[in-house]
Amino acid sequence: MRATDKPLSRAVCTDWSPESWRQKVAMQQAEYPDPVHLAQVVSELGALPPLVHYREIEALKLGLARAAEGQSLVLQGGDCAESFQDCGSDSILARLTALLQASLILRHGTGIPVICLGRLAGQYAKPRSQSTETRDGVTLPPYRGDIINRIEFTSAGRIPDPNLLLRGYERSALTLNFVRTLAAWNFSDLREFMDWHPALAGSSVHLRELTRIREVVKREMAVMGEDGDPSTAAERIGFYTSHEMLAFDYDLAQTRHVSGKGWYNLTTHLPWIGVRTNAPDGAHVEYCRGIRNPIGIKIGPDTSPACLTRLLEILHPDNEPGRIVLIHRFGSGRVAGCLAPLIEAVRATGKSVLWLSDPMHGNTETTAAGVKTRRFEKILAEVTESFRIHHELGSVLGGVHLELTGENVTECIGGATRLSAEDLGRDYRSKVDPRLNYAQSIEMALEIALQVNTIRRPEKGHRDRLAIRQLPWSRSGGLPRGLDAGPD
């Protein structure tokens with residue numbers, strides 16, 4: 001019997017149903033004023049075709065199991081929160097281009113297969129730290145994402161609207177359709193990477209490493225041409241979707257039973273539970289313990305070893321490979337003190353998990369002007385420290401979780417383009433959290449590839465890192481003649 005065919009434990013099969021989460025406390029949920037209208041919309045959603053197929057979910061689990069063993073890498077990335085307004089071909093193409101280019105740099109910079117998990121086609125809801133928002137003496141419910149309510153600060157706009165659940169489904173379906181169309185036309189094939197190279201070189205100071213990767217691609221393509229077997233060289237990036245599970249009614253409507261397999265959430269390949277909703281006795285954990293999808297769990301400074309152990313007991317009773325993805329987010333200043341005890345706690349359980357580093361959320365700060373931002377150098381510092389700690393403890397850091405876009409926004413500070421706090425107002429578009437722009441995303445992918453090489457091939461990784469750090473424009477702080485940061 002394959003790991004993916006393993007039945008769920010008897011406890012899950014006998015005392016769980018798609019509705020059993022209602023017996024628990026459900027955090028971060030919208031309060032709809034018209035329950036009858038909500039029920040009608042959920043019924044309509046339940047009659048629509050699923051967005052993903054359960055076989056895709058099982059294929060992802062197999063890939064995640066390999067990543068947990070260090071045999072592949074995972075890049076999870078995309079918008080902090082998708083917007084209905086940005087469900088257009090140019091916007092989707094920009095996000096997908098950044099994700100796939102970064103994935104290909106990882107793939108050909110390390111020689112390791114890459115799984116690309118998009119925060120895409122469903123990342124329309126956002127958790128909030130406060131239950132209200134006050135402006136100029138007016139207090140209203142917070143904006144919880146386009147699938148729940150509207151960002152306009154008005155009484156009418158902030159009322160949760162069930163019809164937005166339908167719009168979220170429609171836009172997720174449109175996005176998936178476009179992504180699959182691009183994939184069908186070899187968008188992530190090696191030949192496409194060759195076409196992308198000029199843009200990459202113009203968007204990053206890591207020119208030597210980009211040139212080296214390009215030469216690797218050229219050699220692989222030459223081999224492919226000689227033996228006629230595209231599978232030897234044109235290994236494509238595996239692309240899947242993920243979103244934070246916040247709108248229970250949306251996810252529940254597409255929770256389907258597959259005969260002989262079990263229950264699946266078919267709105268996405270991988271739903272994840274956030275740090276605000278990961279209580280072992282909460283509704284999110286109750287729902288997720290009964291579905292066959294791989295489950296992501298965000299963990300942070302407030303997650304204790306005992307809590308993490310309990311979460312694994314509930315969500316990972318059968319130790320199914322590829323089932324659990326632990327996404328840690330601490331901040332560059334706290335990762336050294338927080339991560340090691342959690343790694344040791346998981347090791348003590350004997351359970352297999354995939355570890356990802358989320359270096360974004362713990363490094364959010366607000367400028368003196370009141371603008372939310374993140375510093376590239378702090379993001380990179382947390383990634384670097386995470387790789388070091390996992391390696392020293394004999395654990396495997398299987399990938400990274402980033403918030404990024406393929407557009408040249410000015411939301412995060414630093415990186416090779418030297419963005420400063422004064423630049424943030426030039427092209428700040430995010431409605432919620434700041435994202436790495438195109439150049440910063442590519443630069444981060446190169447840095448992650450170097451981290452992996454340093455761990456897997458210490459002498460080579462160290463040499464490559466020195467070579468890149470000693471490039472002339474790295475010392476001078478400017479870009480080489482003929483290069484710029486890409487179009488504004």
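FYI, it's all coordinate maths here, none of it is from the lab. A quick note: this is a predicted structure, and the numbers were derived from the prediction, not measured. Cβ placement follows ideal geometry from the backbone for every residue including glycine, while neighbour counts extend to all protein chains displayed.
When the gyration tensor of the stretch 1-143 is built from Cα positions, what are the square roots of 5 times its three eigenvalues, in whole Å, from largest to smallest? Show your work: numbers first, answer last.
Details: eigenvalues 215, 140, 51 Å².
Sorted largest first and rounded, they come to 33, 26, 16 Å.
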Once phi for every residue in the stretch 264-273 is put through the Karplus expression 6.51 cos²θ - 1.76 cosθ + 1.60 (θ = phi - 60°), the whole-Hz ³J(HN,Hα) values, with Gly and Pro written as x, are 10, 8, 9, 7, 7, 7, 9, x, 10, 9
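Longer than 18 Å from Cα to Cα, which of K24/K351; K126/K431; K61/K261; K378/K431; K261/K351; K126/K298 are they? Say none if no pair is. Could the numbers behind the result be given before it?
Numbers: K24/K351 26 Å; K126/K431 11 Å; K61/K261 14 Å; K378/K431 22 Å; K261/K351 22 Å; K126/K298 14 Å.
Those over the limit are K24/K351; K378/K431; K261/K351.
Just rank H401, H257, fewest to most, by other beta-carbon atoms within 10 angstrom.
On the way: H401 25, H257 12.
Ascending Cβ contact count within 10 Å gives the list H257, H401.
Assign one of three labels to the stretch 67-168, namely rounded, prolate or oblate, based on the Cα gyration tensor with a ≥ b ≥ c the square roots of its eigenvalues; rounded applies when a/c is under 1.5, prolate when it is not and a/b is larger than b/c, and oblate otherwise.
Taking the square roots of the gyration eigenvalues as a ≥ b ≥ c, the stretch 67-168 is prolate.
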If we sort 300-310, 442-452 on the protection proxy, mean other Cβ atoms within 10 Å, highest first, what's the order?
442-452, 300-310
Sorting check: for 117-128, 324-335, which peptide has the highest mean count of neighbouring beta carbons within 10 Å, and how do the rest follow?
117-128, 324-335
As an exercise, identify the GluC sites (Glu not before Pro) in the stretch 51-105 lying in DSSP coil whose Cβ has no more than 16 other Cβ atoms within 10 Å.
E69
Between G414 and residues 5 or more places away or on another chain, which pairs have amide H atoms under 5 Å apart, with H built 1.01 Å from N, and which residues are they?
F376, L419, S420
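Treating only the Cβ of Lys, Arg, Asp and Glu as charged (+1, +1, -1, -1), what charge dipole size does the stretch 363-417 show about its Cα centre? Round to the nearest 20 debye.
Values: 5 positive and 8 negative charges, 15 e Å.
The calculation lands at about 80 debye.
Arrange T366, T241 by Cβ neighbour counts within 10 Å, fewest through most, would you? Walk me through the intermediate numbers first.
On the way: T366 9, T241 26.
In order of increasing Cβ crowding within 10 Å: T366, T241.
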Ranked from fewest to most other Cβ atoms within 10 Å of their own Cβ, D161, D136 fall in the order D136, D161
